[in-house]
Amino acid sequence: METLSLEEVELLADATSEELAQLMWTATCRRYALIAEFAEEVLRDRFLLMQTELAHEHFDAFVSGKSLWHDELSELEPATFRKLRSNLFTMLREGNLISEGGTIIPTVLSVRVKEHLVRRTPSDVRFFPTREIA
């Protein structure tokens, strides 16, 4: 939550469950660059290209590509990699971004949350599977 602005934290007090999930996903993406890049480059792009399935293989390919620039990714132990992937997909499901079966769920950002996300440059809308302009 340390990545949320004071106004965003105040919004949590009376947020709906959907708004809460949207703000928590935003905070996660702001904190962890790898997750933010995955959200933007894989989750959102697949949604915009109408490729509605998101599987472990997509994460594996993403990390493989990123490891060309980040040696630490290629040095991950297999068990650590699996745990990272498992935790990410759990967060995606709990954030209502994908279904249990891996189908991408379009996000309808609340007006209140969107007001905060678009204040940043680039807009944090980019972390969500939505057709709204990021």
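When GluC sites (Glu not before Pro) are flagged only if DSSP places them in a loop and at most 15 other Cβ atoms lie within 10 Å, the longest unflagged stretch of the chain comes out as 3-74. Charged neighbours of SER67, selected by a Cβ distance under 12 Å, balance to -3 (K, R count +1; D, E count -1). Taking the stretch 74-118 and a reference point 7 angstrom along Cα→Cβ of ALA55, the backbone N atoms nearer than 12 Å belong to 102-103.
Just checking the listed ones, THR28, THR80, THR52: in the Gaussian network model of the chain with Cα springs under 10 Å, the one fluctuating most is THR80. Contact order for the stretch 1-112, expressed relative to its length and based on alpha carbon pairs under 8 Å spaced 6+ residues apart, stands at 26 percent.
Which one is right for this structure if mean projected area of the Cα convex hull in nm² is calculated from it: [x] 11.0; [y] 13.4; [z] 8.2? Computing mean projected area of the Cα convex hull in nm² and matching it to [x] 11.0; [y] 13.4; [z] 8.2 gives [z].
Pull out a ≥ b ≥ c, the square roots of the eigenvalues of the alpha-carbon gyration tensor of the stretch 79-134, then state rounded if a/c is under 1.5, prolate if not and a/b is larger than b/c, and oblate in the remaining case. Intermediate results must be reported in sequence, preceding the final value.
Working: a/c = 2.88, a/b = 1.81, b/c = 1.59.
Prolate, since a/c reaches 1.5 and a/b exceeds b/c.
For the chain, find the longest principal axis of its Cα atoms and tell me its angle to the long axis of helix 78-94, 0 to 90°, nearest 10. With rounding to tens, the tilt is 30 degrees.
Throughout, read-outs are computed from the coordinates displayed, never taken from laboratory work. Owing to the predicted nature of the structure, the values given are computational and were not obtained by experimental measurement. Virtual Cβ from ideal backbone geometry, glycine too; neighbours counted across all protein chains shown.
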